[in-house]
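Taking it in order: structure first as structure tokens, then the write-up.
The values are calculated or read from the model by the stated rules, or taken from the named source; none is laboratory data. Nothing here was measured: the structure is a model prediction, and the numbers come from that model. With ideal geometry, Cβ positions are generated from the backbone for all residues, glycine too; neighbour counts draw on all protein chains shown. Heavy atoms of the whole protein, side chains included, go into the accessibility calculation; ligands, DNA and RNA do not. Shrake-Rupley method; radii C 1.70, N 1.55, O 1.52, S 1.80 Å.
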Amino acid sequence: MKQTSKQQIYIVIIFISLVILCSCGKGKSEKDTGHQLVKDGRPNIILIMSDDMGYSDIAPYGGEIETPNLTELAKGGLKFTQFYNTARCCPTRASLMTGCYPQQAGIGHMTNPSENPDGHNLGISEYQGFLSRNTVTIAEVLKAAGYNTLMTGKWHLGFEKEEQWPLQRGFEKYYGIVDGASNFFQPTYPRGIFVGNDTITINDENFYTTDAFTDNAIQFINDSKKEEPNSPFFLYLAYNAPHWPLQAPKKDIDKYRGKYMAGWEKLRSERFERMREMGLIDASWKLSTEDDIVEWDSLSEDKKKEMDLRMAIYAGMIDRMDQNIGRLVADLKAKNLYNNTIIMFLNDNGACAEGGMLGGGPASQLETKEGYFLSYGKAWANASNTPYKEYKHWLHEGGIASPFIVHWPEGIDKNRQGSIVREYGFLPDIMATCLNLAGADYPKEFNGNKITPMSGKSLKPLITEGETRIHTEPIFWEHEGNKAVRIGKYKLVQMWEQNIDDNWELYDLENDRTEMHNLIKQMPERAKEMIALYYDWADKMGVLPWNEVRQIMQKKKEEKH
């Protein structure tokens, strides 16, 4: 045989060998970023978010609602007592997904709703009503780092154009509601169910969003492990429970029917004592008070029964969510994925007082599949937020304090499992944490766009090592003119009031986290310093005065009509 023929044969053998080696790799094709083609040891990451739930509703945080699965995650993991959201659904999701402040992410106020596609687009990048392309999502970064990226549930970060939807922002699989709130039993377009970029019609009489989101999350994990068994996954499971409308399966409602007939004052007192016993709050803190809460005993017997039912449905929604978290955990165990999966559970804002003192929506729609705006009201929300002040929308602790549970068998030392973490963190820290866990870098540019630096810091040292202060710099909030700054143990906060700007409050959260003792007159210099920090931050973020935002929105409304 000629030498050249031998060389050709060798070349063919080498080529075939290379093809076989490549076919045995991760199968990432476009997603392969050069990681070794062996089993990936990085953790799977699951981020679970509830919607409009109070700080003390679940059992690990002092609630009477049956949440055994979250309790088990807390016992085997860590409970953070001072983790913060942004006080509202979509700004929270914007900050969570991007690691930036809401204004940096383009959602300085709210997302554009399907009924009014540009209603919150003020023509300013910080207030455009959908995610900015000068930010990246956790999914976009992790996808580039070799993770399978999955999402089920509520998106609420842009509806008007397909380019704003989950698949166009880094998720490979999506099932859920692109817009915000929807009917739990009968979601219909535009507040209906999307599979990928397509809408579907729900005809199943037993359909319930909480169940469906979990079903599809489990299926997505199944599919991803079949398609790419050696690749880790990132799952964002965004439940819409217990956001209004108040709707739950009958058996879950019946479990709580009659249990709230003692009223909100007693419920609040019982939760407060339980939280003290659990070590969640300092025994020296006083239970916050709200002067305008109607007394339970002033209600008629019929009204008491209605309010008991509203709270029973709300509790049933949380109970059902916990049952579904249990199903997801069981599936992870069955697939031998549980030990190296980090699960983070949190809520998007404080309890919702929308709908007035005694709730919104006709009582006749309770326990039906009808209705949209059905809420439990301010009085029950006050109990849900025990022991803190105020609600969703506002920046006192009741508006921004979130239960936050982190569970990771392989990453949390057994001696620390079940511990309470008292250092504070906030939403942008989730992006930094996910990137740290994945060994991924935050990009300076992405898809041709310059990317805003993230504002968070990784919580991994708190998760894997122990108590250490993460934030030495101030962190900030602004929503609808409400303002807040936290640095160390001090928090400066202001509730927006028309033509008033001298109503700042200052609190020492180490000694008074229920915000009962305003120190503004005792510590004027510290307050002055923190006020200056706030306005410097607001200027850099492009925060608009709330009056100006309201005027722009009113003008848009008038022009439309």
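Hey, does region 527-537 have a residue that's of a type in the set (Ser, Thr, Tyr), modelled with pLDDT of 95 or more, touching a strand residue (DSSP E or B) at 6+ places or on another chain (Cβ under 6 Å) and under 15 Å from Ile475 (Cα atoms)? Let's see the steps before the verdict.
Within region 527-537, the subset of a type in the set (Ser, Thr, Tyr) is 534-535.
Right, trim to modelled with pLDDT of 95 or more and you get 534-535.
With touching a strand residue (DSSP E or B) at 6+ places or on another chain (Cβ under 6 Å) added as a condition, the list becomes 534.
Next, from what is left, pick out any that are under 15 Å from Ile475 (Cα atoms): 534.
Yes, there is a match, as at least one residue in region 527-537 is of a type in the set (Ser, Thr, Tyr), modelled with pLDDT of 95 or more, touching a strand residue (DSSP E or B) at 6+ places or on another chain (Cβ under 6 Å) and under 15 Å from Ile475 (Cα atoms).
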For this session: May I ask you to list pairs of residues, at least six apart or on different chains, whose Cβ atoms are under 6 Å apart, with the first in region 245-271 being farther than 20 Å from Glu301 by Cα and of a type in the set (Gly, Ala, Ser) and the second being open to solvent by 10 Å² or more (accessible area, probe 1.4 Å) and part of a helix (DSSP H, G or I)?
Result: Ala248/Arg320
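I'm checking my understanding of the structure. Among residues of region 180-233 that are among the acidic types (Asp, Glu) and in a helix (DSSP H, G or I), which one is farthest from Ser50 (Cα to Cα)? Walk me through how you get there before you give the answer.
In the first step, residues of region 180-233 are kept if they are among the acidic types (Asp, Glu); the result is 198, 204-205, 211, 215, 223, 227-228.
Among the residues that remain, those that are also in a helix (DSSP H, G or I) are: 211, 215, 223, 227.
Working: Asp211: 14, Asp215: 16, Asp223: 25, Glu227: 29 Å.
Selected residue: Glu227.
Go over the candidates Ser402, Ser375 one by one and state the one that is assigned to a strand (DSSP E or B), closer than 24 Å to Glu480 by Cβ and among the polar types (S, T, N, Q). If you could, list the steps in order and put the result at the bottom.
Numbers: Ser375 fails: assigned to a strand (DSSP E or B).
After applying the criteria, what remains is Ser402.
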Problem set entry | Matching residues, region 275-286, being surrounded by fewer than 18 Cβ atoms within 10 Å (Cβ to Cβ) and in contact (Cβ under 8 Å) with a residue 40 or more places away in the chain | Met278, Gly279, Asp282, Ser284, Lys286
Exercise. Just checking, how many residues over region 77-130 are among the small types (Gly, Ala, Ser) and in a helix (DSSP H, G or I)?
Worked result: 2
Exercise. Any residue in region 303-323 that is open to solvent by 30 Å² or more (accessible area, probe 1.4 Å) and in a loop (DSSP other than H, G, I, E, B)?
Worked result: no
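Could you go through region 164-178 and let me know if any residue there is at pLDDT 95 or above, assigned to a strand (DSSP E or B) and open to solvent by 10 Å² or more (accessible area, probe 1.4 Å). Show your work before the answer.
In the first step, residues of region 164-178 are kept if they are at pLDDT 95 or above; the result is 164-178.
If we keep only those that are assigned to a strand (DSSP E or B) as well, we get 173-177.
Still in the running and open to solvent by 10 Å² or more (accessible area, probe 1.4 Å): 173, 175.
Within region 164-178, one or more residues are at pLDDT 95 or above, assigned to a strand (DSSP E or B) and open to solvent by 10 Å² or more (accessible area, probe 1.4 Å).
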For this session: Specify which of the listed residues (Tyr338, Tyr391) is among the aromatic types (Phe, Trp, Tyr), open to solvent by 10 Å² or more (accessible area, probe 1.4 Å) and either in contact (Cβ under 8 Å) with a residue 12 or more places away in the chain or closer than 20 Å to Tyr256 by Cα (or both).
Result: Tyr338
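How many of the residues making up region 198-227 are over 21 Å from Ile343 (Cβ atoms) and either charged (D, E, K, R) or open to solvent by less than 10 Å² (accessible area, probe 1.4 Å) (or both)?
Looking only at that region, the number is 6.
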Exercise. Under 6 Å by Cβ, and 6 or more places apart or on different chains, what pairs join a residue from region 63-80 that is within 20 Å of Arg276 (Cα to Cα) and among the hydrophobic types (A, V, I, L, M, F, W, C) with one that is open to solvent by less than 50 Å² (accessible area, probe 1.4 Å) and in a loop (DSSP other than H, G, I, E, B)?
Worked result: Ile65/Asp57
For this session: Restrict the check to region 449-461 and report whether at least one residue is modelled with pLDDT of 95 or more, open to solvent by 40 Å² or more (accessible area, probe 1.4 Å), over 24 Å from Asp282 (Cα atoms) and among the polar types (S, T, N, Q).
Result: yes
For this session: State whether one or more residues within region 73-96 are open to solvent by 10 Å² or more (accessible area, probe 1.4 Å) and over 23 Å from Pro387 (Cβ atoms).
Result: yes
Problem set entry | Thr468, sole failed condition from (1) surrounded by 15 or more Cβ atoms within 10 Å (Cβ to Cβ); (2) within 21 Å of Ile430 (Cβ to Cβ); (3) in contact with a helix residue (DSSP H, G or I) (Cβ under 9 Å, 6 or more places away or on another chain) | (1)
